Amino acid sequence: MIGEDSPRSDGERSEPERSGESSPIAAAVPAPSRRPSAVPDPEVSAKARRRQFSAKYKLRILQEADQCAPGELGALLRRKGLYWSNLQTWRLQRETGTLEGLAPKQRGRKPAPANPLARQVKELEKENRSLKRRLQRVEILLDIQKKASELLGIPLSRLDNDEND
């Protein structure tokens with residue numbers, strides 16, 4: 001119970017009446033039906049992207065880190081959103097003198113080397129398909145000629161002998 005030394009009187013409540021009286025906080029928060037239509041999408045993007053740093057950026061950060069006084073390096077890393085391991089890796093790459101090491105690496109499977117004969121094989125396969133189609137047409141024409149010669153009574157053996165001459 002509320003004691004005698006409480007600043008509230010007996011009729012006073014800490015929250016507003018629920019019979020329609022609204023509080024100033026409730027008036028400031030929009031009701032669910034009055035919310036703006038620009039609600040952020042809660043879905044995560046389909047594919048996360050890895051950060052890539054240029055060699056120029058890496059060298060600039062290393063120069064800034066080298067100029068930092070004791071105790072300032074952590075602030076620099078937090079400000080740039082980097083990790084200590086980034087600095088260590090970049091310093092090692094700088095010391096070994098591998099400029100290509102400072103450039104971002106291509107991740108994933110390397111493309112297969114192009115076969116020098118692949119183009120020629122492709123052209124020959126295309127030529128082979130066209131010759132097969134042409135051969136089918138010629139065979140159909142020969143079948144038609146054979147049937148016509150049978151209907152007309154022309155012997156084919158005489159035509160075959162002419163070709164051998």
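The values are calculated or read from the model by the stated rules, or taken from the named source; none is laboratory data. In this text the structure is predicted, and so the values were computed from the model without any measurement. Glycine gets a Cβ as well: all are built from the backbone with ideal geometry, and neighbour counts include every protein chain shown.
Restricting to the range 74-105, count the residues that are surrounded by 11 or more Cβ atoms within 10 Å (Cβ to Cβ) and outside any helix (DSSP H, G or I).
Of the residues in that region, 4 qualify.
So for the range 101-114 (the condition being on the phi < 0 side of the Ramachandran plot, of a type in the set (A, V, I, L, M, F, W, C) and at pLDDT 90 or above), does at least one residue qualify?
no
Residue-wise test of (1) surrounded by 10 or more Cβ atoms within 10 Å (Cβ to Cβ); (2) among the hydrophobic types (A, V, I, L, M, F, W, C); (3) without any contact (Cβ under 8 Å) to a residue 24 or more places away in the chain.
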{"residue": "Lys58", "(1), (2), (3)": "yes, no, no"}
{"residue": "Arg107", "(1), (2), (3)": "no, no, no"}
{"residue": "Lys110", "(1), (2), (3)": "no, no, yes"}
{"residue": "Leu117", "(1), (2), (3)": "no, yes, yes"}
{"residue": "Leu124", "(1), (2), (3)": "yes, yes, yes"}
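Looking at the range 99-157, which of its residues are touching a Leu at 6+ places or on another chain (Cβ under 9 Å) and under 30 Å from Gln88 (Cα atoms)?
Gly101, Leu102
Please state which of the following conditions Ala27 fails to meet, knowing it meets all the rest: (1) at pLDDT 55 or above; (2) in a helix (DSSP H, G or I); (3) surrounded by fewer than 10 Cβ atoms within 10 Å (Cβ to Cβ).
In the conditions (1) at pLDDT 55 or above; (2) in a helix (DSSP H, G or I); (3) surrounded by fewer than 10 Cβ atoms within 10 Å (Cβ to Cβ), Ala27 misses (1) alone.
Kindly indicate which of Asp41, Asp5, Asp66 is outside any helix (DSSP H, G or I), modelled with pLDDT of 55 or more and among the acidic types (Asp, Glu). If you could, list the steps in order and put the result at the bottom.
Details: Asp5 fails: modelled with pLDDT of 55 or more; Asp66 fails: outside any helix (DSSP H, G or I).
The conditions single out Asp41.
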